[in-house]
Amino acid sequence: MGGQSLHVLNALDVAKTQWYHFTAIVIAGMGFFTDSYDLFCISLVTKLLGRIYYTVGHDKPGSLPANVSAAINGVAFCGSLAGQLFFGWLGDKMGRKRVYGMTLMLMVVSSIASGLSFGKDPKAVMATLCFFRFWLGFGIGGDYPLSATIMAEYANKKTRGAFIAAVFAMQGFGILAGGVVAIVVSAAFGALYPAPTFQVNPLLSTVPQADYVWRIILMFGAIPAVITYYWRLKMPETARYTALVAKNTSQAAADMSKVLQVEIEAEPEKVEELEGRRGRGNEFGLFTKEFLLRHGLHLVGTASTWFLLDIAYYSQNLFQKDIFSTIGWIPPAKTMNAIQEVYKIARAQTLIALCSTVPGYWFTVALIDKMGRYTIQLMGFFFMTVFMLALAIPYHHWTLSGNQIGFVVLYSLTFFFANFGPNATTFVVPAEIFPARLRSTCHGISAAAGKAGAMVGAFGFLYAQNAIGLRNTLLILSAINFLGFIFTFLIPESKGKSLEEMSGEAEQNNTPTRESTMEAGLEVRPSV
């Protein structure tokens, strides 16, 4: 860096928290709200899908075959993994802004199409549902690297961690909204179309109108995405991409003058100076020895911790209903009709989200720039390990009548420390420690590793629970959390440092970092 771009970027680094910061959080955050709603709402309706399409005989309510259940839960993660890699790379090639609208529109169309899944028989309905959820996941995947990178590049260095974490924290509200929507829709349909329980009348316990319930729940996720689409298109390209990657420092200064509501001026001759200072050493690509030496271990650290976290996190999230049923917190399926079961599952998951998931995210937002990313991630993995062991070792105790509340409390604490811990920090750190021209790509690679872990959780948990039981599965998850604790030691602390300090771009261009825009020689005056 040098000359003019330093002035523009330094202005962002030292800017006071302004209205545009909150606008960016909402615009990027609503994407994440939609992401989490769409990814997790499927777990609320899988039992209903089983009753509607796979009820055979009168012995017990229908349930999805293991392979179909794993496919429906996991196919969106396959799409997300592909989307994170593709859109992460595209965000560095075409720019963050140009790609940002594409991902949101893909999510909107796929959300609606998921609810319109069609077919004459169960296989056709499940196949079309899986097809549309793959493309939904593809769009969601792109939102990860782009939202994190945009927020990191807009934020000041003092509160950057909190801003990126706040975008990610909208995931908690998305999970909560999924539960609330499912409660409202199931309660409304339950009141309009009363039905006997399965054990009273197996045939009438699933009313024909139940087929609308899961479709409405899935399609609702498109609404917040549509609302924010216009504002995404209005956001200017980030100054760091424009200056450091596109090398158009004049445009970067003009864009940020509007955003910061100040006039940023820099001498035109410094553009040439910036180009002259760019040596080959600062232009290394992803697959080079230079990148491996500078950032190789960092990428291993961000990718491995996200991978390990998501095995545990998505196992817990997607299969809450199975865990609650196993310990008896949700009544036996026979004692409910189809719509009642959706209501009970949604109520349980909403309670967990309200009491532990959402607060965990906002603890991270409040403390990440005080405690640091590294400390929060270590602490989170440690306590997740401890609470998983506390659930697994005396597992028989928790299944006894009257002890379920204790199980739910400990289970909630694992969610709390996942979100006040690695679930937030694994999203924040990759957006801060890599060079601007590779930032979106490296975040996409790290996030894709996470989705690979989510796929292991989605596909593996179901089979593990059936093969070795819930207790042993929880023991395996605690071991995975401990590995996450170990791999956290590969990650550097980025608290209070500029993106260029963390990526080495400031050092590579022999340009000192300044604390104030005046020291950097930046002419800033209020715009008229």
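The values are calculated or read from the model by the stated rules, or taken from the named source; none is laboratory data. Here the structure is a predicted model, which means the values were calculated and not measured. So basically every Cβ, Gly included, is an ideal-geometry build from the backbone, and we count neighbours across all protein chains shown. Calculation scope for accessible area: heavy atoms of the full protein, side chains included, ligands and nucleic acids excluded. Shrake-Rupley method; radii C 1.70, N 1.55, O 1.52, S 1.80 Å.
Here are some notes:
- Cα centroid separation - the stretch 119-139 against the stretch 377-415, whole Å: 35 Å
- The string of couplings for the stretch 455-460 from the Karplus curve (6.51, -1.76, 1.60, θ = phi - 60°) is 5, 4, x, 5, 7, x Hz, one whole number per residue in order, with x for Gly and Pro.
- Alpha-carbon Rg/Rh ratio, for the chain, with Rh computed the Kirkwood way: 1.02
- Heavy-atom accessible area per residue - the stretch 141-185, 1.4 Å, Å²: 16 Å²
- Between helix 122-154 and the chain there is an angle of about 30 degrees, using the helix long axis and the longest principal axis of the Cα atoms.
- Surface/4 estimate of mean projected area, convex hull on alpha-carbon atoms of the stretch 333-395, nm²: 6.1 nm²
- Loop-located trypsin sites (Lys or Arg not before Pro) in the stretch 181-268, at most 16 other Cβ atoms within 10 Å (DSSP): Lys247
- ³J(HN,Hα) computed for each position of the stretch 360-373 - Karplus, 6.51 cos²θ - 1.76 cosθ + 1.60, integer Hz, glycine/proline x: x, 4, 7, 4, 4, 4, 5, 10, 5, 8, 9, 7, x, 5
- Stretched out straight at 0.36 nm per residue, the stretch from Asn67 to Phe287 would grow longer than its current Cα-Cα span by 75.5 nm.
- Selection from Ser36, Ala454, Pro394, by position along the positive dipole direction of the chain (Cβ): Pro394
- Semi-axes of the equivalent ellipsoid for the stretch 17-156, computed as √(5λ) from the eigenvalues of its C-alpha gyration tensor and ordered from largest down, come to 35, 15, 11 Å.
- In sequence order, the stretch 488-499 has phi-based couplings of 4, 5, 7, 9, x, 8, 10, 4, x, 10, 6, 4 Hz under the Karplus curve 6.51 cos²θ - 1.76 cosθ + 1.60, θ = phi - 60°, and Gly or Pro positions carry x.
- Peptide packing for 83-96, 361-374, 385-398, 176-189 was compared via the average number of neighbouring C-beta atoms within 10 Å per residue; ordered from the highest value, the list is 83-96, 176-189, 361-374, 385-398.
- In this simple spin-label approximation, Ala366 and Ser401 carry label points 7 Å from Cα along the Cα→Cβ vector, and these lie 4.0 nm apart.
- Accessible surface of the stretch 64-132, 1.4 Å probe, proportion on carbon and sulfur as whole %: 75 percent
- Long-range HN-HN contacts of Thr238 with modeled amide H, under 5 Å: Arg96, Lys97
- Whole-percent carbon and sulfur share, accessible surface of the stretch 408-492, 1.4 Å: 80 percent
- Distances between every pair of Cα atoms in the stretch 135-204, grouped in 10 Å steps from 0 to the bin holding the largest one, split as 16, 27, 22, 16, 12, 6, 1 percent.
- Expected-Rg normalisation [2.2 N^0.38 Å, Cα atoms] applied to the stretch 1-62: 2.32
- Helix-derived mean residue ellipticity, 222 nm - over the chain, DSSP H n ≥ 4, -39500 (n - 2.57), to 500: -24500 deg cm²/dmol
- In degrees, nearest ten, helix 3-14 long axis to first principal axis of the chain (Cα): 50 degrees
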